[in-house]
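S.K.: Here's a structure for you.
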Amino acid sequence: MKPVRIVFVGPPGSGKGTQGARVASEFRISHLSTGEMLRQLRDQSDDDCKFSSYTEGSILAPDDLMIELVAERLSLPDCQAGWLMDGFPRTLSQAQAFDGYLNHHGDQITRVIELVADADGIVKRLIERAKSENRPDDTPKNIVERLKVYRVRTKPVLSYYRDRDLVTQIDAMQDIDSVFADIKKCIARS
């Protein structure tokens, strides 16, 4: 089997992180969470206010910063066996730049998995996550704003990948094990 190169796209709270960790373990690939990358950058920076706006609110990190972080991470040896991108690309320009990066390195995305979830279910999940994981970014106001940003900025990424027949939709509102089973089937067919 050739190396798996997966991109998860879905609204906040659709299970990208949870399912990403499971997929990475199952397929022995690297789980690359840009949210985690930004939180690490925030924690290591003297200017944590700058990075906090990207991790705790509805402001997307600049495209050039995201491309730089992802490129740096993909250059590490553990990514050669395969990877799953969680939270990237979030904008059409990021998707186009990412394709340029991959093409330059003789690589390509295997499959884009869209985790589909309804807004009411997302709000409930994120409020629960805020309680259980102490996530300051999961306030009701931020949730509504992040869902709006997702609809406006990230949905066009799906159209871009659909035009290349890369997108498979998975119902993220199923129980966790059913979502995982559907993702595994999708990857096996890729």
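S.K.: Which of the residues spanning the range 9-29 are charged (D, E, K, R) and part of a helix (DSSP H, G or I)? Even if it seems obvious, please write down each step before you answer.
M.R.: From the range 9-29, those charged (D, E, K, R) are 16, 22, 26, 28; that's our starting set.
The answer is 16, 22, 26.
S.K.: Considering only the range 106-156, state which residues are modelled with pLDDT of 90 or more, open to solvent by less than 90 Å² (accessible area, probe 1.4 Å), closer than 19 Å to residue 60 by Cβ and of a type in the set (D, E, K, R).
M.R.: 114, 155, listed by residue number.
S.K.: Further question on the same structure: Looking for whichever is more than 13 Å from residue 12 (Cβ to Cβ), of a type in the set (Lys, Arg) and out of contact with any Phe, Trp or Tyr (no Cβ under 7 Å at 6 or more places or on another chain) here; the options are 146, 162. Which one fits? Give the steps one after another, and end with the answer.
M.R.: Values: 146 fails: more than 13 Å from residue 12 (Cβ to Cβ).
Going through 146, 162 in turn, just one is more than 13 Å from residue 12 (Cβ to Cβ), of a type in the set (Lys, Arg) and out of contact with any Phe, Trp or Tyr (no Cβ under 7 Å at 6 or more places or on another chain): 162.
S.K.: Right, here's the next one. From 165, 99, which residue is surrounded by 16 or more Cβ atoms within 10 Å (Cβ to Cβ) and of a type in the set (D, E, K, R)? Steps first, answer last, please.
M.R.: On the way: 165 fails: surrounded by 16 or more Cβ atoms within 10 Å (Cβ to Cβ).
Sole residue among the options that is surrounded by 16 or more Cβ atoms within 10 Å (Cβ to Cβ) and of a type in the set (D, E, K, R): 99.
S.K.: Report, by residue number, each residue of the range 144-177 that is assigned to a helix (DSSP H, G or I) and polar (S, T, N, Q).
M.R.: 154, 159, listed by residue number.
S.K.: I've got another one for you. Looking at 163, 175, can you tell me which residue is among the acidic types (Asp, Glu) and over 28 Å from residue 28 (Cβ atoms)? Quick ask: steps written out before the conclusion?
M.R.: Working: 175 fails: over 28 Å from residue 28 (Cβ atoms).
From the options 163, 175, the qualifying one is 163.
S.K.: Further question on the same structure: Which residue pairs have Cβ atoms under 6 Å apart, sit 6 or more places apart or on different chains, and have a first residue in the range 88-101 that is closer than 20 Å to residue 16 by Cβ and a second that is of a type in the set (Lys, Arg) and open to solvent by 40 Å² or more (accessible area, probe 1.4 Å)?
M.R.: 91/153
S.K.: Tell me which residues, restricted to the range 68-91, are of a type in the set (A, V, I, L, M, F, W, C), open to solvent by 10 Å² or more (accessible area, probe 1.4 Å) and either touching a Gly at 6+ places or on another chain (Cβ under 9 Å) or part of a loop (DSSP other than H, G, I, E, B) (or both).
M.R.: If the condition is that a residue be of a type in the set (A, V, I, L, M, F, W, C), open to solvent by 10 Å² or more (accessible area, probe 1.4 Å) and either touching a Gly at 6+ places or on another chain (Cβ under 9 Å) or part of a loop (DSSP other than H, G, I, E, B) (or both), then 76, 81 are the ones that fit.
S.K.: Quick one: in the range 41-70, of everything that is more than 19 Å from residue 145 (Cβ to Cβ) and of a type in the set (S, T, N, Q), which residue is modelled with the lowest pLDDT?
M.R.: Checking each candidate, the answer is 45.
S.K.: Considering every residue within the range 130-143, establish whether at least one is in contact with a Leu (Cβ under 7 Å, 6 or more places away or on another chain), in a helix (DSSP H, G or I) and farther than 23 Å from residue 3 by Cβ.
M.R.: Within the range 130-143, the first condition is being in contact with a Leu (Cβ under 7 Å, 6 or more places away or on another chain), and the residues that meet it are 138, 143.
Retained after the next criterion (residues that are in a helix (DSSP H, G or I)): 143.
With the extra rule that they be farther than 23 Å from residue 3 by Cβ, the set shrinks to 143.
Scanning the range 130-143, I find at least one residue that is in contact with a Leu (Cβ under 7 Å, 6 or more places away or on another chain), in a helix (DSSP H, G or I) and farther than 23 Å from residue 3 by Cβ, so the answer is yes.
S.K.: Only residues that are open to solvent by less than 100 Å² (accessible area, probe 1.4 Å) and not in a loop (DSSP other than H, G, I, E, B): list them for the range 178-190, please. Walk me through it before giving the result.
M.R.: Here is the first cut: in the range 178-190, the ones open to solvent by less than 100 Å² (accessible area, probe 1.4 Å) are 178-184, 186-188, 190.
Correct list: 178, 179, 180, 181, 182, 183, 184, 186, 187, 188.
The values are calculated or read from the model by the stated rules, or taken from the named source; none is laboratory data. Everything numeric in this text was worked out from a predicted model, so none of it was measured. Quick reminder, even Gly has a Cβ in these numbers, built from the backbone with ideal geometry, and neighbours come from all protein chains shown. Remember, those area values only see protein heavy atoms, side chains included, never the ligands or the DNA or RNA. Shrake-Rupley method; radii C 1.70, N 1.55, O 1.52, S 1.80 Å.
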